[in-house]
Structure formats: structure tokens, C-alpha cells
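First up is the structure itself, then whatever we jot down about it.
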Amino acid sequence: MWKMLVALLVGVAPVVAQENLTAYDALRVVGDHLGRNAVNHIISVSGTEGTPQPETWRVVLESPDGRGAREVDISHGQVVSDQPSRGIVGSAEGSKINTKKLNLDSSGAYSVASYTADKSNAHFSRVNYTLRTDERGDPVWILALQSRSGQPVGTIHIGANRGNVTRTEGMFAGATMEDVETDETAHEDVEEGNGPFRHTKERIRASFRRAQDGARGMFDRVRRSFVDFINRY
């Protein structure tokens with residue numbers, strides 16, 4: 001009797017959904033598929049409609065023979081596609097990501113972006129991720145935030161080495177993407193006098209700097225070395 005009851009309960013037990021992989025997990029799958037050295041030839045990593053992590057990651061990397069690039073799609077811990085790349089996402093003609101500088105997994109990038117978005121009162125439901133090199137050759141996470149209906153909310157650029165928010169688009173002071181674009185290395189000169197937008201610009205910059213400071217604290221909590229991660233397997 002009890003055995004029959006247990007069997008019935010097991011049969012109707014709900015299936016617990018498995019969480020989607022992070023970018024580091026996806027790169028480990030690529031290493032298993034193509035050999036550990038493949039992770040040293042990564043050009044970009046991207047995923048769309050993350051809630052918070054995407055169901056499928058696309059990894060673009062140099063071909064082993066040095067001719068062109070290939071793209072590998074990973075979903076649910078398995079390679080679902082491996083083919084020549086149709087286009088390279090990245091700077092400096094697809095420069096490789098220095099994985100020794102990777103200290104931020106996609107889960108950590110999400111935490112930093114969520115904190116930054118919250119400080120700008122930006123509400124989002126889904127995230128598109130891109131990890132590539134910036135103009136200096138350093139790895140950078142670019143997170144494009146979307147509303148539940150798929151409308152753009154804003155974009156956040158996060159250094160994958162030090163976790164610093166280097167740029168935002170479409171955030172702070174209720175501005176749209178066309179209204180404000182901030183960069184930590186850009187210091188716009190404010191004209192002397194009391195122009196109609198002077199105080200607004202100053203307030204936006206101050207809000208952005210405060211968000212940067214808080215994001216650094218968040219990075220300290222979610223920091224994760226890719227080298228340490230990959231060497232544990």
C-alpha cells in the first residue's frame with residue numbers, strides 16, 4: 001500500500017526547472033567540446049532574453065587553424081550548434097578576450113546592472129548580454145535591459161576586469177537613450193552662468209557617480225575569477 005502511494009506521489013511530483021547556465025558555465029562547455037585551449041581564443045559571448053540568464057549562449061571564437069572564426073551555441077549544458085561565424089562581434093577586428101582579466105561572470109554582471117538600474121529608477125524584466133573587448137582591448141560586459149513587452153529600458157557597460165560601470169545609456173534623471181550618454185572618462189565642460197540645463201546635467205553626473213561607487217561595492221561581493229573557475233575542472 002505504502003509503496004503504491006510513494007510511486008503515485010513520485011509520478012505526479014512537479015518537475016523542477018533547471019536554472020540556465022551562466023557565461024562561465026557555457027565557456028566550460030566550449031572547453032569540453034573543443035579542448036581547454038579553446039577558451040583562450042574567445043572573441044565574444046552573447047545571450048538574449050535572459051531572466052536573468054539566457055537559455056542559449058553564443059560563443060564566437062577563432063578557428064583552431066587561424067582562418068576565420070566559428071560560433072558555438074550552448075543550451076542546457078550542451079552544444080546545440082557549431083558552425084563558421086557569420087560575423088564577429090567585438091572591437092579591433094574581433095580581438096580575443098584576455099580571460100586572465102575576466103573577474104565577472106554574467107550572474108555578477110546582472111547584479112551590478114540591477115543595482116545601477118535601481119539607482120536610476122529603471123525597471124526591467126529581461127536582459128541581452130554581450131561580452132567582448134572594448135577599444136582598449138579590455139573585456140567589457142554590455143547589458144541591454146528590456147521591459148516585459150520587449151521595449152528598451154537602457155544599456156549598461158561594465159568592465160569585466162574591475163567591475164566598474166563605464167557607461168550608461170537611457171538612464172538617470174528619467175532621461176531617454178537619446179537624452180543622456182555618460183562615460184567615466186568623458187568630462188563635459190559646463191558653460192559658466194546659469195543655463196537652463198546646467199543643474200540638470202550636474203545632477204545626472206552626480207547620480208551616475210554615486211551609482212558607480214555603489215556598483216564597485218557590489219562587484220566586491222560578486223567578483224569571480226574565470227581562471228580560478230576553469231581550473232577547478
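The values are calculated or read from the model by the stated rules, or taken from the named source; none is laboratory data. Given the structure is predicted, the values throughout are model-derived calculations rather than measurements. Because the Cβ atoms are built from the backbone with ideal geometry, glycine has one as well, and the counts that use them run over all protein chains shown.
A few notes on this one:
- Residue in the range 143-154 that is nearest to residue 166 (Cα to Cα), counting only those that are over 11 Å from the mean Cα position of the chain (by Cα) and buried (at least 18 other Cβ atoms within 10 Å of the Cβ): 154
- Qualifying residue in the range 59-77 (condition: charged (D, E, K, R), outside any strand (DSSP E or B) and closer than 28 Å to residue 209 by Cβ): no
- Top-ranked residue of the range 98-126 - restricted to ones that are part of a loop (DSSP other than H, G, I, E, B), modelled with pLDDT under 95 and hydrophobic (A, V, I, L, M, F, W, C), ranked as nearest to residue 24 (Cα to Cα): 124
- If you go through the range 127-169 and keep only what is closer than 15 Å to residue 212 by Cβ, part of a loop (DSSP other than H, G, I, E, B) and of a type in the set (D, E, K, R), you end up with just 162.
- Within this structure, residue 172 fails the test of being in a loop (DSSP other than H, G, I, E, B) and at pLDDT 90 or above.
- Qualifying residue in the range 24-45 (condition: aromatic (Phe, Trp, Tyr), modelled with pLDDT of 95 or more and outside any helix (DSSP H, G or I)): no
Conditions (1) surrounded by fewer than 20 Cβ atoms within 10 Å (Cβ to Cβ); (2) of a type in the set (A, V, I, L, M, F, W, C); (3) closer than 24 Å to residue 226 by Cα, marked per residue:
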{"residue": "101", "(1), (2), (3)": "yes, no, yes"}
{"residue": "105", "(1), (2), (3)": "no, no, yes"}
{"residue": "122", "(1), (2), (3)": "no, yes, no"}
{"residue": "126", "(1), (2), (3)": "yes, no, no"}
{"residue": "131", "(1), (2), (3)": "no, yes, yes"}
{"residue": "141", "(1), (2), (3)": "no, yes, yes"}
